[in-house]
Amino acid sequence: MCSPGRRRIWPAPSKAPRQCAARWPSRQDYDRALLPQPLAGPRQRRTPGGRFARILQSGHYILGANARDFEQALAHRLQRPKGVVALNSGTDALVLALRLLDLQPGDEVILPSYTFIACFEAVVRAGAVPVLCDSQADDFLASETEVSACIGPRTRAVMAVPLFGDASVIPSIAEDCRHRGIPLIEDVAQALGARARLQGQGWRAAGTLGDVATFSFYPTKTLGAPGDAGG
């Protein structure tokens, strides 16, 4: 019971001052705060999910060691001794590939009519004239037959686009371009990891059949990044 006019304080305050041990937060503290617990342990950090979380935690999203390691790994996988260059988008990769050809006003670039608008835009940005060829009715791919029907005296390049991970039409297009002396650009935005059979040469990876290849790592592509990216 409390007597009238008196107030009980519970619990009673300590008379001794609180002692705090100040220290800098450790790596483990950051891991526990920022990473999901299944990814915070040393074994889990070596898994793809753990490495991905570590990159997000590092804040190094543009250039740096992560991008360099990816360039080297992709060049090794595709067996491209001249290397791979990471870019901000697949669209800019197409523009740079076209500019490597030193196109002049009035030069024509053949590309499929059934493809993403970025292919058309890249040709226009490079100062050339896009010439659209038809696609096959059964798989929506532009084969060597459709491409060759559009080749004319102003043709300076062909852009082949293996959609849906299907690179089966690329070998015949590449062979025809080599025979005519026309550079071939492979837009492998939807076919990274796909392969095509070359007569007498076995299987070859998409992105290794033309003179230059471009890739997109937009989140909806075969290999997606958290944001837009290309190479």
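The values are calculated or read from the model by the stated rules, or taken from the named source; none is laboratory data. All values derive from a computational prediction rather than experimental measurement. FYI the Cβ positions are ideal-geometry reconstructions off the backbone, even for glycines, and counts take in every protein chain you see.
What to note about this one:
- Taking the criterion of being in contact with a Leu (Cβ under 6 Å, 6 or more places away or on another chain) and farther than 14 Å from Leu74 by Cα, the residues of the stretch 202-221 that qualify are Arg204, Gly210, Asp211.
- Complete set of residues in the stretch 125-164 that are outside any loop (DSSP other than H, G, I, E, B), under 19 Å from Ala93 (Cα atoms) and at pLDDT below 90: Leu163
- The residues in the stretch 192-206 that are assigned to a loop (DSSP other than H, G, I, E, B) and either loosely packed, with under 15 Cβ neighbours inside 10 Å or not aliphatic (A, V, I, L, M) (or both) can be counted, and the count is 4.
- Residue in the stretch 182-191 that is surrounded by fewer than 24 Cβ atoms within 10 Å (Cβ to Cβ), over 15 Å from Leu98 (Cβ atoms) and assigned by TED's automatic domain parsing to the domain that holds Gln79 present: yes
- Some residue of the stretch 128-144 being surrounded by fewer than 16 Cβ atoms within 10 Å (Cβ to Cβ), more than 17 Å from Ala213 (Cβ to Cβ) and aromatic (Phe, Trp, Tyr): yes
- Listed by first and then second residue, the pairs linking a residue in the stretch 66-79 that is at pLDDT below 85 to a residue that is surrounded by 12 or more Cβ atoms within 10 Å (Cβ to Cβ) and part of a helix (DSSP H, G or I), with Cβ atoms under 8 Å apart and 6 or more places separating them unless they lie on different chains, are Asn66/Ile55.
- For the stretch 95-106, the count of residues that are among the β-branched types (Val, Ile, Thr), modelled with pLDDT of 85 or more and either in contact with a Phe, Trp or Tyr (Cβ under 8 Å, 6 or more places away or on another chain) or assigned to a helix (DSSP H, G or I) (or both) is nonzero.
- Among residues of the stretch 112-149, those that are under 20 Å from Arg180 (Cα atoms), among the hydrophobic types (A, V, I, L, M, F, W, C) and in contact (Cβ under 8 Å) with a residue 24 or more places away in the chain, counted: 5
- Total residues in the stretch 207-231 satisfying the condition of being under 17 Å from Leu111 (Cα atoms), part of a loop (DSSP other than H, G, I, E, B) and over 12 Å from the mean Cα position of the chain (by Cα): the figure is 4.
- Taking the conditions (1) part of a loop (DSSP other than H, G, I, E, B); (2) of a type in the set (Val, Ile, Thr); (3) under 15 Å from the mean Cα position of the chain (by Cα) in turn, Thr115 satisfies each one other than (3).
- Selected residue (criterion: nearest to Gly106 (Cα to Cα)) from residues of the stretch 165-186 that are touching a residue at least 40 places away in the same chain (Cβ under 8 Å) and in a helix (DSSP H, G or I): Ile170
- Looking only at the stretch 97-111, and only at residues there that are more than 17 Å from Gly152 (Cβ to Cβ) and in contact (Cβ under 8 Å) with a residue 60 or more places away in the chain, the one that is farthest from the chain's Cα centre (by Cα): Leu100
- For the stretch 56-70, filtering for residues that are within 16 Å of the chain's Cα centre (by Cα), surrounded by 13 or more Cβ atoms within 10 Å (Cβ to Cβ) and in a helix (DSSP H, G or I) leaves 3.
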